[in-house]
Amino acid sequence: MKKSLKVIFITAFILSMFFSNKVYSKMQQQTYNYTIKTGDTLWKIAVANQSGVAEIVALNPSIANPNMIIAGQVIKIPDISQIKVQENEVARLVNIERSKVGLPALKYNWELSRVARAKSQDMADKNYFSHQSPTFGSTFSLITKYGIVYSAAGENIAYGYINPSTVMNGWMNSPGHKANILGKQYNEIGVGLTKNSKGQIYWTQIFIKK
């Protein structure tokens, strides 16, 4: 199986971009039904699922106005529970490596994982492997779009690795990727993965300093 790794380091900058709802729909192929309760908002529902309002809207074209939902209405919610298990395991393994050299653990940021997941999905959809996307340019433009404030950031990407332990082993045996994982400047992490039509997994780690 072909495997590959790439790494990038950046300092903070501001960009704007548009990310298509079609991409969000493809990211969330598994769903479950949720009945809206009194007092619910799409944001509350999204936070509880560690997903995003955009992802929910993409799955529910009947929602004309995200600010107006009705109690009793049944909507589709992206089921990313199995994906999150693997993403959380990558973050756990990162913190194990950091602890070995006396570095503090990185805080897991689920909103940052949305960015990482979008990057992985874009690579799978567009059949490319690069830090520069033909869709939205730099991954870090997504961070700003999602309202995440940061002063420094780094990104590791990989594909062809079958699980968290193998991809982490690959990254830790690459000096550039290892430097991101053990970066003293970072305090938060997001992890995102997706599979292409052939079942090949694309992995993205994003590190930031807040």
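The structure shown yields Rg/Rh (Cα atoms, Kirkwood Rh), and of the options (1) 0.93; (2) 1.01; (3) 0.97 that calculated value carries the label (3).
In this structure, the pairs whose alpha-carbon distance is over 31 Å, taken from Lys100/Lys145; Lys44/Lys100; Lys37/Lys210; Lys76/Lys195; Lys76/Lys210; Lys76/Lys100, are Lys100/Lys145; Lys44/Lys100; Lys37/Lys210; Lys76/Lys210; Lys76/Lys100. Could you tell me which residue out of Gly39, Tyr128, Asn67 lies farthest along the dipole of the range 37-166 toward its positive end? Charges go on the beta carbon: Lys and Arg +1, Asp and Glu -1, centred on the Cα centre. It is Gly39, whose Cα lies furthest towards the positive end.
Between Asn127 and Tyr146, full extension at 0.36 nm per residue minus the direct alpha carbon distance yields a gain of 4.4 nm. Cα centroid separation, the range 155-201 to the range 29-104: 22 Å. Taking the Cα centre of the chain as origin and assigning +1 to Lys and Arg Cβ atoms and -1 to Asp and Glu Cβ atoms, the resulting dipole is close to 340 debye. The calculated pair-distance distribution of the range 138-177 uses every alpha carbon pair, bins of 10 angstrom beginning at 0, and gives 23, 38, 34, 4 percent.
Computed over the chain, relative contact order equals 30 percent, with contacts defined as Cα pairs under 8 Å that lie 6+ residues apart. Once the Cβ-Cβ distance of Lys37 and Leu103 is raised to the sixth power relative to R0 = 45 Å, the FRET efficiency obtained is 0.60.
Using mean Cβ contacts within 10 Å as the protection proxy, how do 202-209, 171-178 order, highest first?
Working: 202-209: 25.5, 171-178: 15.9.
The densest-packed peptide leads the list: 202-209, 171-178.
Note that the range 77-210 presents 38 Å² accessible area per residue, ligands and nucleic acids not counted, probe 1.4 Å.
The values are calculated or read from the model by the stated rules, or taken from the named source; none is laboratory data. What you see is a predicted model; the values in this text were computed from it and never measured. Glycine also receives a Cβ, built like all others from the backbone with ideal geometry; neighbour counts cover every protein chain displayed. Side chains included, ligands, DNA and RNA excluded: accessible areas come from the protein's heavy atoms. Shrake-Rupley method; radii C 1.70, N 1.55, O 1.52, S 1.80 Å.
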